[in-house]
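Enquirer: There's a structure below that I have some questions on.
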Amino acid sequence: MKKLINQPEQIIDEMLDGIVSASPSSVRRLEDTTVLVRKDAPVDGKVALISGGGSGHEPAHAGYIGKGMLDGAVSGEVFTSPTPDQVLEAIKATDSGSGVLLVIKNYSGDVMNFDMAAELAEAEGIETAQVIVRDDIAVDDPENRRGVAGTIYVHKIAGAKAETGASLEEVQATAQKVIDNARTMGVALSPCIMPTSGEPGFELADDEIELGIGIHGEAGIEKRKQMTADEIAAELVERLLPEVDLADQDEVAVMVNGMGATPEMELHVFNRKVQDLLQEKGVKVYDTIVGNFMTSLEMAGCSLTLLKLDDELKELLDAPSHAAAFKK
Amino acid sequence: MQLTVEDTIQWLKQFNDRLSEQKDYLSQLDRAIGDGDHGINMARGFQQVAEGLDGDFDEVSDVLKKTATTVMSKVGGASGPLYGTAFLKMSMECKGKDVDAAVLADMVEAALGGIKQRGKSEEGEKTMIDVWAPVLGTLQEEDFDAERLKQTAEEAMQKTEDMTATKGRASYFKEKSQGHLDPGAVSSYYLFAELADVIGKGA
Ligand SMILES: Nc1ncnc2c1ncn2[C@@H]1O[C@H](COP(=O)(O)OP(=O)(O)OP(=O)(O)O)[C@@H](O)[C@H]1O
Ligand SMILES: [Mg+2]
């Protein structure tokens, strides 16, 4: 295993310090925790947004800390949900008295750990609300769908809503609206290597790809023989469109997300076809982003997210953001 | 049967030894139908539990409470809250009591209820619950012995192999989760196998 690391056990700690050294004027680390928060947290009169989960998805989640997006991010071990005490520290450090919204991706570990943290916060008199992101259409049962790249839009849009001085309930409702309208599906070309074991997270033959992969290498829909960028784009657009339920004048935001090891060059090749297909189908694209937003270590592949927009979502999507990984 | 403070500490230390021996095996099971971290999560957390057992404890409940807090803050993943809740419920159930067979059964009943509630899950979903539930059945029988306890846990663990997962990460594999043991069921088997061992020595 060749990785740019020291001791595997130290990765998270060293990464967090590294993130702070890159943005010392906007992010700080809570001592003896794996929590990063806005330097100026708690922000008076504003609902705080906290996200988090296992590490290995960088720039998620700490890269989205900043004015206009997250107030805090909690990092677990690689692909392992963080513990409730850490989430509680994030809640305590960011609550200004206006309440805290927890953005949780739908994995049983994350849901349970954040739930327990919310119970602990309640015992300390802090008001929290939660939303559970489930945008991955590769899982049939909508209740069981995973939270993947669509989470970034939740951070962006609910974060912008919080900056307007909206109440916890209002911010939660906006976040939920994003969740209800965001759909994602991904594909893996090669697996990621777990830093602790040095082993690949899953098996994929040299000439195989996996459609519908999760961001921790969990099984997708099926393994296929290698496909071209255009073919993969067609497959993902085909599967996503019926799920976003567009009416005539609706517009969408498009996110082409790299999984970690796929060159941006290839993401643009893929995006070109996505845009062509959407145009052919008469879908109006309001905004497009291409890059690595929610990765899976050095997994190769990408995901495509479509977010159906209304006027409120457009305005909030366009609002400024100072987050290191999402400047707007 | 009587489970003393010393027995409880011994139980947890043996469980920790077992987890650290089987860490790679558990992670390998989790790699097949999950994300490959179960062994690492459990070993990391219970190592800390074992290190915290050297103090003075007045009663079994205190040992279990300390275990619960450590597990909740050190394990992470899905197993952290589930095992943490289980130990917390066991601790609450035996507070102020000597732990005999009847109390032990009540403790496991409370723990199982806690796991189900926290995980929003039931028997038959290919999780650790599929070990805890049959074990409870055995503990509730009049005159169970250590050997029966261990055997029940082992058989229950083995039965998860043919089940289809509907909770946790393994659920994404749907029918393809068949043919693999559930990692949480295996670690729960270790927990009860070591409990049986400690009870067996005491009897
Ligand atoms: N909802 C649930 N109810 C009961 N048991 C569960 C549930 N979800 C997972 N489990 C148990 O937890 C085990 C997996 O634990 P593990 O420590 O690997 O967590 P994880 O799912 O990988 O968490 P994370 O996603 O945060 O990494 C499974 O084998 C299963 O026995
Ligand atoms: Mg796991």
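Enquirer: Give me a count of the residues in the range B:1-27 that are surrounded by fewer than 18 Cβ atoms within 10 Å (Cβ to Cβ) and over 25 Å from B:V60 (Cβ atoms).
Expert: So the count comes out to 3.
Enquirer: With the structure loaded, tell me whether A:E251 is acidic (D, E) and within 23 Å of A:G68 (Cβ to Cβ) or whether it fails that test. Spell out how you get there, then give the answer.
Expert: Numbers: acidic (D, E): yes; within 23 Å of A:G68 (Cβ to Cβ): yes.
Spelling it out, A:E251 is indeed acidic (D, E) and within 23 Å of A:G68 (Cβ to Cβ).
Enquirer: Give me a count of the residues in the range B:164-189 that are more than 16 Å from ligand 2 (Cβ to nearest atom) and surrounded by 21 or more Cβ atoms within 10 Å (Cβ to Cβ).
Expert: Count: 1.
Enquirer: Within the range A:92-122, track down each residue that is more than 16 Å from ligand 1 (Cβ to nearest atom) and within 16 Å of the chain's Cα centre (by Cα).
Expert: A:L101
Enquirer: Still on this model: Taking the condition of being part of a helix (DSSP H, G or I), away from ligand 1 (no atom under 13 Å from the Cβ) and among the small types (G, A, S), how many residues in the range B:182-203 meet it? Before you say what the answer is, go through the steps one by one.
Expert: From the range B:182-203, those part of a helix (DSSP H, G or I) are B:183-202; that's our starting set.
Of the ones still in play, those that are also away from ligand 1 (no atom under 13 Å from the Cβ) are B:192-202.
Still in the running and among the small types (G, A, S): B:193, B:196, B:200, B:202.
Residues in the range B:182-203 being part of a helix (DSSP H, G or I), away from ligand 1 (no atom under 13 Å from the Cβ) and among the small types (G, A, S): 4 in total.
Enquirer: If you don't mind, there's one more thing I want to ask. With (1) surrounded by 23 or more Cβ atoms within 10 Å (Cβ to Cβ); (2) among the aliphatic types (A, V, I, L, M); (3) within 11 Å of chain B (Cβ to nearest Cβ) as the list, and A:V111 as the residue in question, which single condition is left unmet?
Expert: Condition (1) is where A:V111 drops out.
Enquirer: Report whether or not A:K314 is farther than 14 Å from A:V237 by Cβ, of a type outside the set (F, W, Y) and at pLDDT below 95.
Expert: Considered against the rule, which asks whether it is farther than 14 Å from A:V237 by Cβ, of a type outside the set (F, W, Y) and at pLDDT below 95, A:K314 comes out as no.
Enquirer: Now, a different point. Which residue, of A:A22, A:A48, A:A73, A:A62, is surrounded by fewer than 24 Cβ atoms within 10 Å (Cβ to Cβ), aliphatic (A, V, I, L, M) and within 23 Å of A:K328 (Cβ to Cβ)? Walk me through how you get there before you give the answer.
Expert: Numbers: A:A48 fails: surrounded by fewer than 24 Cβ atoms within 10 Å (Cβ to Cβ); A:A73 fails: surrounded by fewer than 24 Cβ atoms within 10 Å (Cβ to Cβ); A:A62 fails: surrounded by fewer than 24 Cβ atoms within 10 Å (Cβ to Cβ).
Checking each option against the conditions leaves just A:A22.
Enquirer: For the range B:138-181, name all the residues that are away from chain A (no Cβ under 14 Å), under 30 Å from A:P142 (Cα atoms) and outside any helix (DSSP H, G or I).
Expert: If the condition is that a residue be away from chain A (no Cβ under 14 Å), under 30 Å from A:P142 (Cα atoms) and outside any helix (DSSP H, G or I), then B:M163, B:L181 are the ones that fit.
Enquirer: Something else: Which residues, taken from the range B:29-58, are of a type outside the set (A, V, I, L, M), near ligand 2 (Cβ under 10 Å from one of its atoms) and in contact (Cβ under 8 Å) with a residue 12 or more places away in the chain?
Expert: Filtering the range B:29-58 down to residues of a type outside the set (A, V, I, L, M) leaves B:30-31, B:34-39, B:41, B:44-48, B:51-52, B:54-58.
Filter again for near ligand 2 (Cβ under 10 Å from one of its atoms), leaving B:30-31, B:34-39, B:41.
Those that are of a type outside the set (A, V, I, L, M), near ligand 2 (Cβ under 10 Å from one of its atoms) and in contact (Cβ under 8 Å) with a residue 12 or more places away in the chain: B:D30, B:G34, B:D35, B:D37, B:H38, B:G39, B:N41.
Enquirer: Could you say whether any residue in the range B:71-91 is modelled with pLDDT of 95 or more, more than 20 Å from B:M42 (Cα to Cα), out of contact with any His (no Cβ under 8 Å at 6 or more places or on another chain) and within 16 Å of ligand 2 (Cβ to nearest atom)?
Expert: No, there is no match, as no residue in the range B:71-91 is modelled with pLDDT of 95 or more, more than 20 Å from B:M42 (Cα to Cα), out of contact with any His (no Cβ under 8 Å at 6 or more places or on another chain) and within 16 Å of ligand 2 (Cβ to nearest atom).
Enquirer: Taking only the range B:106-137 into account, find how many residues are under 26 Å from B:K66 (Cα atoms) and not in a helix (DSSP H, G or I).
Expert: 4
Enquirer: Just to be sure before I move on: is B:E109 at negative phi and at pLDDT below 95 in the structure I sent?
Expert: Against the criterion (at negative phi and at pLDDT below 95), B:E109 does not qualify.
Enquirer: Could you list, ordered by first residue, the pairs with Cβ atoms under 6 Å in which the first is in the range A:54-71 and within 16 Å of ligand 2 (Cβ to nearest atom) and the second is assigned to a strand (DSSP E or B), at least 6 apart or interchain?
Expert: Pairs that qualify, where the first residue is within 16 Å of ligand 2 (Cβ to nearest atom) and the partner is assigned to a strand (DSSP E or B), are A:G54/A:G76; A:S55/A:S75; A:S55/A:V78; A:G56/A:V78.
The values are calculated or read from the model by the stated rules, or taken from the named source; none is laboratory data. As the structure is a prediction and not an experimental result, all values here were calculated from the model. Methodologically, a virtual Cβ is constructed for each residue, glycine included, from the backbone with ideal geometry; neighbour enumeration extends over all protein chains shown.
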